[in-house]
Amino acid sequence: MLENMNEKCAVVGIFGHEEASELAYFALHALQHRGQEAAGISSSDGKKLHTIKKRGLVMRVFDEAKLKTLSGSSAIGHTRYSTAGDDSILDAQPVFARYDLGEMAIVHNGNLTNAEEVRDNLIKKGAIFQTFMDTENLIHLIAKSEKDKLIDRIIDAVQRIEGAFSLVFLSRTKMFAMRDRHGFRPLSLGKLPNGGYIVASETCAFDLVGATFIRDVQPGELLVFEEGKEPKSIKVFEPTPKHCIFEYVYFARPDSKVFGQSVYQMRKNMGKALAHIDPVQADVVIPVPDGGVPSAIGYAQESGIPYEMGIMRNHYIGRTFIEPTQKVRDLKVKMKLSPMPGVIAGKRVVVIDDSIVRGTTSRRIIRMLKEAGASEVHMRVSSPPTTDPCFYGVDTPDKENLIAANMTTQEICDFIGADSLAYLSEDALLKSVNATEDNYCTACFTGKYII
Ligand code: AMP
């Protein structure tokens, strides 16, 4: 795999609205949780594309004056997550290019699984790459395609790539939205209040700009937006859905509807199901905020154990890059999460988190809860053990760093210092999200990769 792939990201597209870049900006705010490293918007005024992208949060990248320069009635935007220490703005999106048909910009959420192969072939044919992003492959494939029209070139290009992609393309006069045949990553279509359309990774972006949800872009579908016309749908691939179950577990915002269902409700269902796995006698149920909140509510409702806020989260902590000693690392967790001794001292606590990845967060949290006086700490996780890395767009470490790939549940329990530990089973997770068919990707829990 290439370095600096598109990891956790958000995409948005606005078409046919005179405040397109402003709306894209607000939508990106709502999608900030999907990536905090860089943000960008490209707009089109019909003759020319304008792009601004930079490292940092949406709020820091744009201000009123900058948004004014992004003129025109269509705009696409992106927020990006990348690895620490990478400070290249070249790897921010939209990716913009001039080519023989004019100008285009692309935003991408997901990972291409054949990116290296495609890139090597393109390089052999003389292509010069500026970034490590697999999205740049698309630019080259479109530019080199022998078809006459952009739409045919896009279809040509997406047929050469494999993996997970929710894409939005902007040309001077049109916008295109496309989802891979498995629909790994979400992408929804909405109508703007004063005319025009929006596509976005999550529907929480629609709510912020007052848009009405129309439907999800279908797996394998390409939507074409053109002035004065309804969006046109083209079935590029036969859909074979494999939605990313981790969107429900951790990734998406609870107020979004993803893959047609409320994320909040799915997480509450997971918490309810979790209450039936290794039940314990306890005095309080507390979430690890924010990820564990909806499932802890579900757990408390189902078990009858009172829900309390036992851990406070400080929302103003960004990344701290100083990590030289264990002492500083411990302080870093305390900066972000602080225990509420009044709630937990002397109590038997059930603490709920959405997932354990490396195990370091849980270990620190449990130590913190015990230091704050909890008499027992029972860790419950609202997903199965994360045993395998994701190649389709979620940022997970290599297998050797995934604690559940290397230890049994009892060993993990001992490592994190909990009095007991239980995970949601794969079956219970699938039931909680109404996955009756084989229509979800569970590779991070099962190692069953479809591609
Ligand atoms: P760890 O310390 O590696 O076990 O991290 C577990 C914590 O990371 C949990 O609280 C999860 O909510 C959170 N988490 C899970 N997946 C991801 C991800 N892809 N990116 C960032 N945080 C995550």
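No lab work stands behind these numbers, since they all come straight from the coordinates. Note that this is a predicted model, so its numbers are computed, not measured. Because the Cβ atoms are built from the backbone with ideal geometry, glycine has one as well, and the counts that use them run over all protein chains shown.
Of note:
- Straight-line cross-link partners of Lys347 among the lysines, defined as a Cα under 30 Å from its Cα and at least 8 positions apart when in the same chain: Lys268, Lys272, Lys327, Lys332, Lys334, Lys336, Lys370.
- Qualifying GluC sites (Glu not before Pro) in the stretch 95-189, where qualification requires a DSSP coil assignment and no more than 10 other C-beta atoms within 10 Å, comprise Glu146.
- Dividing the summed helix terms, -39500 (n - 2.57) for each DSSP H run of n ≥ 4, by the number of residues in the chain produces a 222 nm estimate of -7500 deg cm²/dmol to the nearest 500.
- Footprinting exposure proxy for Lys399, Lys47 (fewest neighbouring C-beta atoms within 10 Å first): Lys47, Lys399
- Dipole magnitude of the chain, debye to nearest 20 (Cβ charges: Lys/Arg +1, Asp/Glu -1, about Cα centre): 700 debye
- For the pair the stretch 131-156 and the stretch 409-451, the centres of their Cα atoms are 38 angstrom apart.
- Cα-Cα over 19 Å, subset of Lys147/Lys174; Lys8/Lys232; Lys54/Lys191; Lys47/Lys232: Lys8/Lys232; Lys54/Lys191; Lys47/Lys232
- Under 5 Å, built H, 5+ apart or other chain: amide partners of Gln218: none
- P(r) tail for the stretch 265-434: Cα pairs beyond 30 Å make up 13% of the total.
- DSSP bridge pairs, the stretch 265-434: antiparallel proportion in percent, nearest 5: 15 percent
- Under a model in which nothing but the beta-carbon of Lys, Arg (+1) and Asp, Glu (-1) is charged, the stretch 6-241 shows a dipole of about 260 debye around its Cα centre.
- FRET efficiency for Gln32 and Glu411, using Cβ-Cβ distance with R0 set to 41 Å, rounded to 0.05: 0.70
- Convex hull volume of the chain per residue (C-alpha atoms, cubic angstrom): 140 Å³
- Relative contact order [Cα under 8 Å, 6+ residues apart], the stretch 265-434, whole percent: 25 percent
- Ranking of Tyr81, Tyr248, Tyr316 by count of other Cβ atoms within 10 Å, fewest first: Tyr316, Tyr81, Tyr248
- Taking every C-alpha pair closer than 8 Å and separated by at least 6 residues, the mean separation divided by the residue count of the chain gives a relative contact order of 13 percent.
- All-pairs Cα distance distribution in the stretch 6-241, expressed in whole percent, bin size 10 Å: 8, 37, 40, 14, 1
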